1. If you roll a 1.4 angstrom probe over the protein chains with everything in place, what fraction of the accessible area of the range A:1-116 belongs to carbon and sulfur, to the nearest %?
2. Put +1 on the Cβ of every Lys and Arg and -1 on every Asp and Glu Cβ in the protein assembly as shown; which of A:V216, A:T118, B:Q66 then has its Cα farthest towards the positive end of the dipole?
3. Using a 1.4 Å probe on the protein heavy atoms, what percent of the accessible area of the range A:119-217 belongs to carbon and sulfur?
4. Quick check on the range B:8-70: take the gyration tensor over C-alpha atoms, sort the square-rooted eigenvalues as a ≥ b ≥ c, and tell me if it's rounded (a/c under 1.5), prolate or oblate.
5. So what J values fall out for the range B:208-213 if you push phi through Karplus, 6.51 cos²θ - 1.76 cosθ + 1.60 with θ = phi - 60°, rounded to Hz, Gly and Pro as x?
6. Any idea which of A:S43, A:I31, A:V12 is furthest toward the positive side of the dipole for the range A:8-70, if Lys and Arg beta-carbons carry +1 and Asp and Glu beta-carbons -1?
7. Once you keep just the Cα pairs under 8 angstrom separated by 6 or more residues, what percentage relative contact order results for chain A?
8. Between copies, how far does the label point of A:R186 sit from its twins, in nm, shortest first, when each point is 7 Å from Cα along Cα→Cβ?
There are 2 protein chains.
Amino acid sequence: MAVPAGVASQRVADELRERILAGRLAPGTRIIQDELADELNTSRLPVREALRILESRGLVTLRANQGARVTSMDVRECELSYKIRERLEPLLLAESAPRLSDEDIDAMTAVQERIEATEDVEEFLVLDRRLHWAVYQHDDAGDLAATVNRLWDTTQHYRRAFTRLAGERRRWIINGEHRLLIQALRDRDHTSAEHILELHIRRTRVELVKHPELFVP
Amino acid sequence: MAVPAGVASQRVADELRERILAGRLAPGTRIIQDELADELNTSRLPVREALRILESRGLVTLRANQGARVTSMDVRECELSYKIRERLEPLLLAESAPRLSDEDIDAMTAVQERIEATEDVEEFLVLDRRLHWAVYQHDDAGDLAATVNRLWDTTQHYRRAFTRLAGERRRWIINGEHRLLIQALRDRDHTSAEHILELHIRRTRVELVKHPELFVP
DNA sequence: GTGAGGCCGATTGGATCCAATAGAGGCGAG
DNA sequence: CTCGCCTCTATTGGATCCAATCGGCCTCAC
């Protein structure tokens, strides 16, 4: 079976990213080039390029002659990621919101209803991310979106751990904020939407740093 | 002569980045892997890895089977980069400023004096960047700094073009803002420093977008 | 028994070779 | 003369091979 198409290194990078984001590769895990190459039916060369790509995205950490490991963060770095998100995501919203259609906003509501219905952590993570990106979907200059995406990627593992120990109360606070955000967008009140979004991220950050035990494996 | 040390792909990436930032490779220029490999006395493999690295940094653009080109921006993308800087650099300042020593601030003043003394565009670009990074030097979580650095990198070419056509009046406005910023830092008035920095970047952005002709090569 | 030093396997880094693709230029038909 | 096809070459993408380096383990001296 020949490799179908597309640049192999991109394919490897996508696969590896997926494994990390899905939690199948924990922070600190060593990545051996040969193993990955064998599993993905390719040579080590695309794997090496993929590792460089993911290093630049912050998902893996390379050290000369010592191989690659899944990047791990401490609580300080994670907090800073959230502070960056607080400043950038409202900007992303401002770029995208004027072009949101009523149908787009209906779709957000539908996603939010599924968020409220699910009990599964993995499903929550997927849907929460989908909701945010539904808000940003009409941003046209991809650079900002790429930066923010990177922040979501590098903090995904800790967001999962945090979600696991979040109780029902916290979940409903999140849902309330999401509902407020969607309503502000529906009202075309973009300034309020920006503020709600900023507060939503800040509040999550403040809760997160109350659990430094998530960062000491 | 053997290659001294350090990972070759990093060395190639650094060299290529330097050439782009120095303006020796204009946006849109095609980069041929063989040529670069010959010039740097290495094989194409480190060059390929270097191109991946720089692609992730936004400095080069890769298209499958069509090689690499120095990334070019339109006025819209450049404006967005400045908007991002407006939000992130004050944050970077807030992280770093509390740890600035009096000597650090004296050094900034010295750099600013050199900025005011020079007539040379290249020297201005170097010193202006050095001044800003003197402000941010005590940031410890490198992720934010890396993001901002990337923004400086990708807009460097257009900053150069803009500086070339800036008259004496604009230069003195910039100098005034720099002086205000340094004074606020000296007074340990970090909130004002953040605001001055944000306004400094915003004003530059507003001026920049008045010259869309810089983006049509 | 313990610590230092050296050897060996595992793994990464780099070079060369071969295959696949895109773009340019020439050739022929209309 | 022009348009379209086709070959041919320059360049990129991928695989394999060889060299360099790191870390663990064993040995030996004290």
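1. Working: 2510 of 5460 Å².
Within the range A:1-116, the accessible surface is 46 percent carbon and sulfur.
2. B:Q66
3. Numbers: 2640 of 4750 Å².
C and S atoms contribute 56 percent here.
4. Values: a/c = 1.37, a/b = 1.14, b/c = 1.20.
Note, shape of the range B:8-70 comes out rounded.
5. Per-residue couplings from phi come out as 4, 6, 6, 10, x, 5 Hz.
6. It is A:I31, whose Cα lies furthest towards the positive end.
7. Working: 207 pairs, mean separation 52.4, N = 217.
Reported as a whole number, the value is 24 percent.
8. Nearest to farthest, the other copies are at 5.6 nm.
The values are calculated or read from the model by the stated rules, or taken from the named source; none is laboratory data. Being a predicted model, the structure only gives us computed values, none of them experimental. In this analysis, Cβ positions are derived from the backbone assuming ideal geometry, glycine residues included, and neighbour counts consider all displayed protein chains. Accessible surface areas use protein heavy atoms only, side chains included; no ligands, DNA or RNA. Shrake-Rupley method; radii C 1.70, N 1.55, O 1.52, S 1.80 Å.
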